[in-house]
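The block underneath contains the structure these notes are about, expressed in structure tokens.
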Amino acid sequence: MERVGLIVHPSREIDRTLGSLRSWANSQDADVVQLAVPGQAREVAPFGNVQECDFVVALGGDGTALAALRTAGAAGKPMLGVGCGSLGALTSVSADRLPTALDRMVAGDFKARKLPALELEGIEPAPTCALNDYVFVRAGAGQMSLSIWVDDELYVRFSGDGLIVATALGSSAYTLAAGGPLLAVGALGTVVTPLAPHGGSCPPMVIGADARLDVLVEPGHGGARLEADGQPAGDFERLIARRVTIRARPDHATIALLDDEEPMLSGLRRRKIVMDSPRLLARDARLASDSATVSNQ
């Protein structure tokens, strides 16, 4: 093991965790290099090349881990997400467990979970691959119009606020917030979720992992923009229609998982992204109260 690549949160407190990483690297006679991320001004280590790293470590939250996955995935390197704060879907190793996790990375004692990405054609320059989602969204007043084909078969045309095209990983992010379906770990496919469609019937749809999605984007008077994993990736300010193609790229990135990490659905429940209905929670509270009353008699 010679070199660890590092991507950090732009503002979160990471000094203690960073010190732990440096101490571990010194004990291994290894270098720690920071990897460049667009828009990242925080500098905590000399910059290096991801191709020369053994693996990549993300210190921060899920957004930092996404940036690290994009960088590591392009070079075929595994990524370890370390939560500096609360644990998330991609930052499932706590800061106090970092040295042990790093030992296991060197020993190869981790589960390599392969993650697909989405790639988009039809815009120049080509936007970065998306590990969570591509989002077409209106940029100003007025609706935009979109037409969707799956493997050359027309699905629907609608006017509204936009469209989310998400991986299984991204289904628990913007897609879930917009009322789209949640894909559990191991599920294959791409989720297509219209945003605030005006009339008609165009429910969210899951297409096959090998399917080709074509989208005709008509920006409307206010224009529209494209986001990749929440970051600007292109705009449609000129009032012209543009057809783009989106395909899934399997096994694009690798996230390193340890045996004792929290399952996806348990994490969603812990963070209250998924919650039981109030009626059942009220019933649980009533039964607990009745049980306490009986035990005190």
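The values are calculated or read from the model by the stated rules, or taken from the named source; none is laboratory data. Since the structure is predicted, the reported quantities are computational estimates derived from the model, not experimental observations. Reconstructed Cβ throughout: ideal geometry from the backbone, glycine too, with neighbour counts over all protein chains shown.
Tell me, which strands (runs of 3 or more DSSP E) wholly within region 173-256 include 3 or more residues that are more than 23 Å from Pro38 (Cβ to Cβ) and in the same structural domain as Ile273 (by TED's automatic domain parsing)? Steps first, answer last, please.
Details: elements: 190-195, 205-207, 212-218, 224-228, 231-235.
Correct list: empty, since no element meets the threshold.
Just for region 124-142: of the residues that are of a type outside the set (Gly, Ala, Ser) and in contact with a Phe, Trp or Tyr (Cβ under 9 Å, 6 or more places away or on another chain), which one is farthest from Pro38 (Cα to Cα)? The extreme case among them is Phe136.
So, Val274, is that one of a type in the set (Val, Ile, Thr) and within 18 Å of Leu118 (Cβ to Cβ) or not?
Values: of a type in the set (Val, Ile, Thr): yes; within 18 Å of Leu118 (Cβ to Cβ): no.
No.
Regarding region 228-248, can at least one residue be identified that is surrounded by 17 or more Cβ atoms within 10 Å (Cβ to Cβ), on the phi < 0 side of the Ramachandran plot and polar (S, T, N, Q)? Among the residues of region 228-248, not one is surrounded by 17 or more Cβ atoms within 10 Å (Cβ to Cβ), on the phi < 0 side of the Ramachandran plot and polar (S, T, N, Q), which makes the answer no.
Which ones in region 10-32 are under 14 Å from Ala58 (Cβ atoms) and hydrophobic (A, V, I, L, M, F, W, C)? Show your work before the answer.
Of all residues in region 10-32, those under 14 Å from Ala58 (Cβ atoms) come to 10, 12, 14, 17-18, 21, 32.
Hits for region 10-32 are Ile14, Leu18, Leu21, Val32.
Residues that are among the acidic types (Asp, Glu) and more than 15 Å from Ser92 (Cβ to Cβ) within region 240-295 comprise Asp251, Asp276, Asp284, Asp290, listed in sequence order.
Residues Ala89, Ala112: which one is among the small types (Gly, Ala, Ser), under 22 Å from Gly5 (Cβ atoms) and in a strand (DSSP E or B)? That would be Ala112, the only listed residue that is among the small types (Gly, Ala, Ser), under 22 Å from Gly5 (Cβ atoms) and in a strand (DSSP E or B).
Applying the selection to region 86-103, what residues are in contact with a helix residue (DSSP H, G or I) (Cβ under 9 Å, 6 or more places away or on another chain) and not hydroxyl-bearing (Ser, Thr, Tyr)? Leu87, Gly88, Ala89, Leu90, Val93, Ala95, Asp96, Leu98, Pro99, Leu102, Asp103 - these are the residues of region 86-103 that are in contact with a helix residue (DSSP H, G or I) (Cβ under 9 Å, 6 or more places away or on another chain) and not hydroxyl-bearing (Ser, Thr, Tyr).
Return yes or no: is Ala95 at pLDDT below 95 and within 17 Å of Ile255 (Cβ to Cβ)?
Values: at pLDDT below 95: yes; within 17 Å of Ile255 (Cβ to Cβ): no.
Against the criterion (at pLDDT below 95 and within 17 Å of Ile255 (Cβ to Cβ)), Ala95 does not qualify.
Taking Val135, is it crowded, with 23+ Cβ neighbours inside 10 Å and among the hydrophobic types (A, V, I, L, M, F, W, C)? Considered against the rule, which asks whether it is crowded, with 23+ Cβ neighbours inside 10 Å and among the hydrophobic types (A, V, I, L, M, F, W, C), Val135 comes out as yes. Would you pick out the residues in region 94-127 that are under 28 Å from Leu183 (Cβ atoms) and either surrounded by 19 or more Cβ atoms within 10 Å (Cβ to Cβ) or among the hydrophobic types (A, V, I, L, M, F, W, C) (or both)? Ala101, Met105, Phe110, Ala112, Leu115, Pro116, Ala117, Leu118, Leu120, Ile123, Ala126, Pro127, listed by residue number.
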